[in-house]
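Let me begin by presenting the structure, written as structure tokens, before commenting on it.
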């Protein structure tokens, strides 16, 4: 399925496990399988007006999948320059056939240094970094919401206990939805998505 979707989107995102740089805070990159993304977006729909941010976006698989499926604007935040360059090449190929016109932005920077935009309202995490970095990123999101009030969703795939603990004990985000991956969840209870929502109205 991974190769089929890559061909459909004119991108190359297979062989996507890349070791992190020498730091205890940044984890190796691994793309979310397309079959698992399908499960998520069967139950969670985006609108064209949404602005989706993927932290640890790698070669951009999720970005182009979301852009193609929903026509929403997307932003990839990736610290690894090699992966960032691969994503830029994928973007060039993807845009040659893309029917959607929403914006695709690619940022090569540390997640905690990403300047959260007033339009960004959906954020995706597949355990890209330690809880210390996660806390900084969440605080950046909350600062942005304070300056520009809006509803915000966080999507956590394979969520870690420390991420969950921080969100539920230290922030105003509320658990809104759980999406279990069929078949895999029975074997491993981490095979799920948790969606947290901060509702301003």
Self-check item: Rg followed by Dmax, in Å, when the chain is reduced to its Cα trace
Solution: 15.9, 45
Quiz item: What is the gain in length, in nm to one decimal, between residue 170 and residue 14 on full extension, counting 0.36 nm per residue of separation less the C-alpha to C-alpha distance?
Solution: 52.5 nm
Quiz item: Any idea what Rg and Dmax come out to for the stretch 117-201 if you just take the C-alpha atoms, in Å?
Solution: 13.1, 43
Quiz item: How much length is gained on full extension from residue 69 to residue 190, taking 0.36 nm per residue of separation minus their Cα-Cα distance?
Solution: 41.0 nm
Quiz prompt | Kirkwood Rh and Cα Rg combined as Rg over Rh, evaluated for the stretch 30-140 | solution = 0.94
Quiz prompt | Relative pair counts by distance (%), Cα atoms of the stretch 96-148, 5 Å bins | solution = 4, 15, 26, 22, 15, 10, 6, 3
Quiz prompt | For the chain, calculated [θ]222 nm from helices alone, where every DSSP H run of n ≥ 4 adds -39500 (n - 2.57) | solution = -11000 deg cm²/dmol
Quiz item: Distance in nm between label sites at residue 143 and residue 38, each 7 Å beyond Cα in the beta-carbon direction?
Solution: 4.1
Practice problem: Can you give me the three principal axis dimensions of the stretch 61-100 from its C-alpha atoms, in Å, biggest first? | Solution: 28, 18, 12
Self-check item: Peptides ranked, highest mean first, by Cβ atoms within 10 Å: ranges 141-154, 52-65
Solution: 52-65, 141-154
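Just so you know, all these numbers are worked out from the coordinates, no wet-lab data involved. Remember, predicted model here, so these are calculated numbers, not experimental data. No Cβ is skipped: glycine too gets one built from the backbone with ideal geometry, and neighbour counts run over all protein chains shown.
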